[in-house]
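In what follows, a single structure is set out as structure tokens and then discussed.
The values are calculated or read from the model by the stated rules, or taken from the named source; none is laboratory data. Just so it is clear, the structure is predicted and the values come from calculations on it, not from any experiment. Positions of Cβ are generated from backbone atoms using ideal geometry, with glycine treated the same way; all protein chains shown enter the neighbour counts.
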Amino acid sequence: MCTRVLNSRTTDIQCFTVQPVLDEHPRFKNKPVPDQIINFYKSNYVQRFHYSRPVHRGPVDPDNEFASMWIERTSFLTAYKLPGILRWFEVVHISQSTISPLENAIETMSAANEKILMMINQYQGDPGLPINPLSMLLNGIVDPAVMGGFAKYEKAFFTEDYAREHPEDQDRLDRLKDLIAWQIPFLGAGIKIHEKRVSDNLRPFHDRMEECFQSLRAKVEREYGVREM
């Protein structure tokens, strides 16, 4: 998005990347909608956009930056829906909000779960899809040597000190724990698909990934309960 800087002696242009925001369609409410349709409306007939900028407040833990990472979010509303034939679209409303580290963790976990489910649906509907994208997604979550999963969230928020200092966040903490618990059956479904499609030369990779998943599942189900699809 490019915007003109007002109240300036010179003509300045700011360019930055914004994310489209999917508007809820009443005709889709409480109905099973194919992923292809949802993906279409994520980037078509859109007039709301977000720009998010991470900022740190307070002391920063070099081993766990999530604990102090806030998100400054600016929302834009355009006069007309994009894409369109106009050369430029006027922004008619701008609002700003601040997302706390815990709320940011909830958004990130929710987006990760949605991505897993969407990929599961894609592979169930198309047997010819290459296995590599599914391999990278699953392994990046279950193998702690790759990304660390949600361990940093646990270290930042699931402590007695955080609960004592932020009693107003109890519902959000429960929400984050629920998202973590639900990720296990989603991952399990993805790994089952991966097992059926993996080639012989990638079998050791799959076995290693499944070993990591079994360890992760035992930990999560023990601490956050069992969820079933």
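Here is a yes/no grid of residues against (1) of a type in the set (A, V, I, L, M); (2) surrounded by 14 or more Cβ atoms within 10 Å (Cβ to Cβ); (3) modelled with pLDDT of 95 or more; (4) in contact with a Pro (Cβ under 7 Å, 6 or more places away or on another chain):
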site	(1), (2), (3), (4)
197	no, yes, no, no
202	yes, yes, no, no
205	no, yes, no, no
209	yes, yes, no, no
213	no, yes, no, no
216	yes, yes, no, no
220	yes, yes, no, no
225	no, no, no, no
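Residues that are part of a helix (DSSP H, G or I) and either at pLDDT below 90 or not assigned by TED's automatic domain parsing to the domain that holds residue 220 (or both) were ranked within the stretch 124-138; the one that is farthest from residue 66 (Cα to Cα) is 125. The residues of the stretch 27-71 that are in a loop (DSSP other than H, G, I, E, B) and surrounded by 10 or more Cβ atoms within 10 Å (Cβ to Cβ), listed by number, are 33, 34, 44, 45, 57, 60, 61, 64. A single member of 222, 227 is part of a loop (DSSP other than H, G, I, E, B) and either under 23 Å from the mean Cα position of the chain (by Cα) or without any contact (Cβ under 8 Å) to a residue 12 or more places away in the chain (or both), and it is 227. With respect to residue 18, determine if the residue is surrounded by 10 or more Cβ atoms within 10 Å (Cβ to Cβ) and modelled with pLDDT under 75. Here the answer is no, as residue 18 does not meet what is asked.
Selection of the stretch 87-114 for residues being in contact (Cβ under 8 Å) with a residue 40 or more places away in the chain and charged (D, E, K, R) yields only 103. Residue 141 satisfies every condition listed in (1) surrounded by 12 or more Cβ atoms within 10 Å (Cβ to Cβ); (2) over 16 Å from the mean Cα position of the chain (by Cα) except (2).
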